[in-house]
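No lab work stands behind these numbers, since they all come straight from the coordinates. Here the structure is a predicted model, which means the values were calculated and not measured. Reconstructed Cβ throughout: ideal geometry from the backbone, glycine too, with neighbour counts over all protein chains shown.
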Amino acid sequence: MAKSKPPVFIGLDLGGTDLKYGLVNSDGKILISKKIRAKISEGQKVLVEQLRAATRELLSIAAEKKWRALRIGIGSPGAVNFETGKVVGNSPNIPGWEGVNLKNSLRISGIPTFADNDANCVALAELIFGAAKNSKSALCVTIGTGIGGGLVLDGKVYRGSSYSAGEIGHTALVFEGKPCACGNRGCLEKYASVSALMENASKQGFDSVRALTDAAKGGDTAAAALIAEQAAYLGAGLASAVNLVNPEKMILGGGFVDVYPPFLKLVEEEIRKRVFPAALLKLQVVKAKLGNEAGLVGAAFLGSK
């Protein structure tokens, strides 16, 4: 009897700077992973073709290794209609992206294809394999260039009535505050993202995240104060989300959480200071388990849960 081909799943994680793509097995382990610069500045058609080329490359690798590709999934910035695969809300990070149908663009060889918001993919990966596993409710927040959020309710990723649930980074934190690329003012990510932190840090001579965090770890009070201020803003914004949703878990991810471990505790302290007491009874504030690969893994498992 011929040996059956091991199943694999294709995942693409499109960000505002890079495109990560790879092959993932049934246990959520990444077998093949690649990262290239996303051709965002070259326009919608060029970027779509780049996504198609990456998909074809992965299909070719799977065929060479005698693996059976069962699904194709992509996570993208912006609001994405999960049923149709169409980008229905633009992302400040990818101008002109609204209207592209990712599901149709990547449908190759009859393989089931799915598309979703990138933060929802992170939430899905954490739900299946990570910190949200066995949780009925969780808010997964990724802190990076911006702030992305994916919401788990009743053990499933909740996308909202028009596929824009979880946009925690664009909740208004400061009335008439700093202008945001989304068109609003005072958005949380203008105060609590890594970009916002480094905008302030650069004015005090810190030219990189590593330089800032190393200084803070070494006892530099100015560096520590900058990070504490960012944590306070983030905690204040997330406290409102906790009051609204009352989740079991608040899951924080992103490279900054990894390079500066005290950050998680600082944010949790701010959340607990500001949240309605009843909402704290079951709340756990925890670190994301899957790190920077969560988006790719979640994309590969779109359609599974």
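Measure off 7 Å from each Cα along the Cα-to-Cβ vector at Lys133 and Glu49, then give the distance between these two points in nanometres to one decimal.
It is 4.2 nm.
Name the lysines eligible as straight-distance cross-link partners of Lys273: C-alpha to C-alpha under 17 Å, and not fewer than 8 places from it in the same chain.
Qualifying lysines at Cα under 17 Å: Lys249, Lys265, Lys282.
For the chain, modelled as a GNM with alpha-carbon contacts under 10 angstrom, which of Asp214, Asp27, Asp116 fluctuates the most?
Of Asp214, Asp27, Asp116, the most mobile in the Gaussian network model is Asp27.
Would you mind putting 192-201, 272-281 in packing order, based on average other-beta-carbon counts within 10 Å, highest first?
For the peptides 192-201, 272-281, the packing ranking is 192-201, 272-281.
Candidates (i) 34, 56, 10, 0; (ii) 32, 62, 6; (iii) 31, 57, 13, 0; which is the computed P(r) over Cα pairs in 20 Å bins from 0, in percent?
(i)
Go through Tyr233, Ser76, Leu212 and say which Cα lies farthest out towards the positive end of the charge dipole of the chain; charges sit on Cβ, +1 for Lys and Arg, -1 for Asp and Glu.
Ser76
So if each residue of separation counts as 0.36 nm, and I subtract the Cα-Cα distance between Arg107 and Ile32, what length gain in nm does that give?
25.0 nm is the gain from fully extending Arg107 to Ile32.
In debye to the nearest 20, how big a dipole does the range 147-203 give about its Cα centre with +1 on each Lys and Arg Cβ and -1 on each Asp and Glu Cβ?
Numbers: 6 positive and 5 negative charges, 14 e Å.
Value, rounded to 20: 60 debye.
Enumerate the helices in the chain for which the Kyte-Doolittle hydropathy averages -0.5 or more and the C-alpha atoms extend at least 27 Å along the helix's axis, using complete DSSP H runs. List each step's numbers first, then the result.
Details: long enough: 44-64 (30 Å, 0.16); 221-245 (35 Å, 1.28).
Those that clear 27 Å and a mean of -0.5 are 44-64, 221-245.
Which residue, Ala132, Ser60, Val259, has the largest displacement toward the positive end of the dipole of the chain when charges sit on each Cβ (Lys, Arg +1; Asp, Glu -1)?
The one lying farthest along the dipole's positive direction is Ser60.
Quick check for me: using +1 on Lys/Arg Cβ and -1 on Asp/Glu Cβ, what's the dipole size of the chain about its Cα centre, in debye to the nearest 20?
For this selection, approximately 1080 debye.
Of Ser91, Ser137, Ser41, which is the most mobile in a GNM of the chain whose springs link Cα atoms less than 10 angstrom apart?
Maximum fluctuation in the GNM of the chain, among the listed residues, is at Ser41.
How many percent of all Cα-Cα pairs in the range 208-293 sit more than 16 Å apart?
Tail of the P(r) past 16 Å holds 53 percent of the pairs.
Could you tell me which of the pairs Lys5/Lys34; Lys34/Lys289; Lys39/Lys217; Lys156/Lys289; Lys20/Lys287 are separated by over 27 angstrom between their Cα atoms in the structure shown? It would help to have the intermediate numbers written out before the result.
On the way: Lys5/Lys34 23 Å; Lys34/Lys289 20 Å; Lys39/Lys217 37 Å; Lys156/Lys289 18 Å; Lys20/Lys287 22 Å.
Pairs exceeding the cut-off: Lys39/Lys217.
Restricting to Cα pairs below 8 Å that are 6+ residues apart, what does the relative contact order work out to for the range 1-132? Please round to a whole percent.
Relative contact order of the range 1-132: 24 percent.
Given an 8 Å cut-off on Cα distances and at least 6 residues of separation, report the relative contact order of the chain as a percent.
Computed over the chain, the figure is 19 percent.
If I build a Gaussian network model for the chain, linking alpha-carbon pairs within less than 10 angstrom, which residue out of Ile32, Ile143, Ile271 has the largest mean-square fluctuation?
Of Ile32, Ile143, Ile271, the most mobile in the Gaussian network model is Ile32.
Take the Cβ-Cβ distance between Gln204 and Asn243 as r, set R0 to 41 Å, and report the resulting FRET efficiency rounded to the nearest 0.05.
After rounding, the FRET efficiency stands at 0.75.
Can you give me the Rg/Rh ratio for the range 134-288, using Cα atoms for both radii and the Kirkwood formula for Rh?
On the Cα set of the range 134-288, Rg over Rh gives 0.97.
Using the 2.2 N^0.38 Å rule of thumb for compact globular proteins, work out how the range 117-170 stacks up: its C-alpha Rg over that value, please.
After normalising by residue count via 2.2 N^0.38 Å, the value is 1.02.
Rounded to a whole number of µm²/s, how large is the Stokes-Einstein D of the range 1-104 at 20 °C and 1.002 mPa s, given Rh as the Kirkwood radius over C-alpha pairs?
Values: Rh = 14.5 Å.
Diffusion coefficient, whole number: 148 µm²/s.
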